[in-house]
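One structure is given below, encoded as structure tokens.
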Number of protein chains: 2
Amino acid sequence: MDLKRYRVGKKIKLGNLPTDDTGKLNREDSEAETLEIGLELAKLQDRLYAESKQSLLVVLQARDAGGKDGTVKHVFELINPQGVIVTNFKVPNEEDLKHDFLWRIHPHTPAAGMIAVFNRSYYEDVLVTRVHELIGDQEAKRRFEHIRNFEALLADRGTRILKLYLHVSAEEQRQRLQERLDDPEKNWKFNPADLKERGRWDEYTRVYEDALSATSTDDAPWYVIPADHKWYRNRVVAQLLLETLRDMNPQYPEAAFDLTNVAVGAI
Amino acid sequence: MDLKRYRVGKKIKLGNLPTDDTGKLNREDSEAETLEIGLELAKLQDRLYAESKQSLLVVLQARDAGGKDGTVKHVFELINPQGVIVTNFKVPNEEDLKHDFLWRIHPHTPAAGMIAVFNRSYYEDVLVTRVHELIGDQEAKRRFEHIRNFEALLADRGTRILKLYLHVSAEEQRQRLQERLDDPEKNWKFNPADLKERGRWDEYTRVYEDALSATSTDDAPWYVIPADHKWYRNRVVAQLLLETLRDMNPQYPEAAFDLTNVAVGAI
């Protein structure tokens, strides 16, 4: 599976990137493979935790109904919850707004040995704020710089950063939002404000393109994940995690004392 | 009082900067003036708090017995404690060390309307760590860059940053440490480790010169405060605070509603 093709290099146009790719895989095999990958992810996470030197930060961004919650549920539940902390970033509160936009984020960055998942993130501060004209282009540029610097700080301490934009088509979003209206069990997920944001589709496209292009670095690359097919999205995210953790190559530490001739005796 | 001469511009040599300057002032007048300044500081702090847009961060660094605690006590107690938060940064704990060196710092940066005082700070991570060879020159350089970026992030949100190195001579330090040994009421302040650090005087001089030179920026200038005379040190710090707050020029916000013809009636 070639994941490089989903990686954001220079200036991107989301319209040119596939939302409905399935990599010529079939659903059934792919779902089985995702579970297989899960077993290896669990092993690698165990080594990461034991080693306690490196950490992994996964940033999840998407439009409404883009599949962030589903990705957390179906991919990250394959890993020991003790080693994974998911943080949902909602609208900043009054106290948050009295500080720089990374102030409420920093405490949630992963400690050595841990995997942190950000369901939405500091990227909202250069996305929704821009569409709603709370900040202008100049301020957005400054924030891109602050974000790159912040991510470099984390990287220098041994944090790998993986940033995923779950890419759905307008038609797929329409169907998912409609489902939230039609299915009583999904009604609670429906938010009338989502329709208003949907009306700003092109504006979101523009600010996403700008943010992803400006902040995809070697330290912290962005991937645009085809996300119309949930099973394929899960497969790709799992594979990305797997390759990242393999590359980090965490090792069990050596025993802190000499274990020769040590035995646990009967009582 | 010309404070610019204490400001760190380019590469400094601490040996060329005075520790015993008194600016031709006499002690008695100067102490009265410090109290006068305190009254104006209190007024400006009140405006800063009411305005709730800008904030002030004061970083205090010094060698052992350099006068950090005394400065906090004699200068900042002139201001309403509700508007000032002093944070003492001690040796990082196990959890701190699992994160980047600014992780434990960021939560303590001042909210809009507030004054934060850091008694020791993230600068220890490029000072004591360097003298004790926990980090090398290359890592120190990276950290200088992270510090400059971090301070720029705070500055962009409206935080003024004032960094003060309290500059004492080796002889003055000797006397103060000796006093801690001789005076039973000061015994508790004496730490045998301080003598060891004192033995590394020249190494500390070198890393301080390096750190101050590398991180004195327009956003966040360093000042080398002559600190052999406590009364003069207090006078200079108070004056610096005064000029900084005056320059920030905080304003009481306008009433949020029309106050014409509003009166508080008898009951």
So what's the angle, to the nearest 10 degrees on a 0 to 90 scale, between helix B:201-215 and the longest Cα principal axis of chain B? 40
I'd like the per residue volume of the convex hull spanned by the Cα atoms of region A:86-213, given in cubic angstrom. 134
In bins 20 Å wide, starting from 0, what share of all Cα pairs of the protein assembly as shown does each bin hold, as a percent? 18, 43, 29, 9, 0
What are the GluC sites (Glu not before Pro) within region A:114-147 that DSSP puts in a loop, where the Cβ has at most 12 other Cβ atoms within 10 Å? A:Glu133
Express the relative contact order of chain B as a whole percentage, based on alpha carbon pairs under 8 Å and six or more residues apart in sequence. 36
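To the nearest whole number, what is the average tally of beta carbon atoms from other chains within 10 Å of the beta carbons of peptide B:139-147?
That average works out to 2.
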Under the definition of partner shielding as Cβ atoms of other protein chains within 10 Å of a residue Cβ, what is the mean value for peptide B:95-103? 6
Looking at the protein assembly as shown, send over the antiparallel percent of its DSSP beta bridges, to the nearest 5. 5
With the Cα gyration tensor of region A:52-142 in hand, convert its eigenvalues to equivalent ellipsoid semi-axes via √(5λ) and list them largest first in whole Å. 26, 17, 11
Is the C-alpha gyration tensor of region A:1-123 telling us rounded, prolate or oblate? Criteria: a/c under 1.5 is rounded; beyond that, a/b larger than b/c is prolate, otherwise oblate. oblate
Angle, helix A:170-182 long axis vs. longest principal axis of chain A, Cα atoms, 0 to 90°, nearest 10? 90
For A:Asn26 and A:Asp258, FRET efficiency with R0 = 41 Å and r from the beta-carbon atoms, rounded to 0.05? 0.20
Between the helical axis of B:27-51 and the dominant principal axis of chain B, each derived from Cα atoms, what acute angle in degrees is found, rounded to the nearest 10? 50
Can you give the convex hull volume of the alpha carbon atoms of region B:4-248 per residue, in Å³? 133
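Bear in mind these aren't lab numbers, they're just calculated from the coordinates by the rules spelled out. Everything quoted here is computed from the prediction, not taken from an experiment. Heads up, the Cβs are rebuilt from the backbone with ideal geometry, glycines too, and the neighbour counts pull from every protein chain shown.
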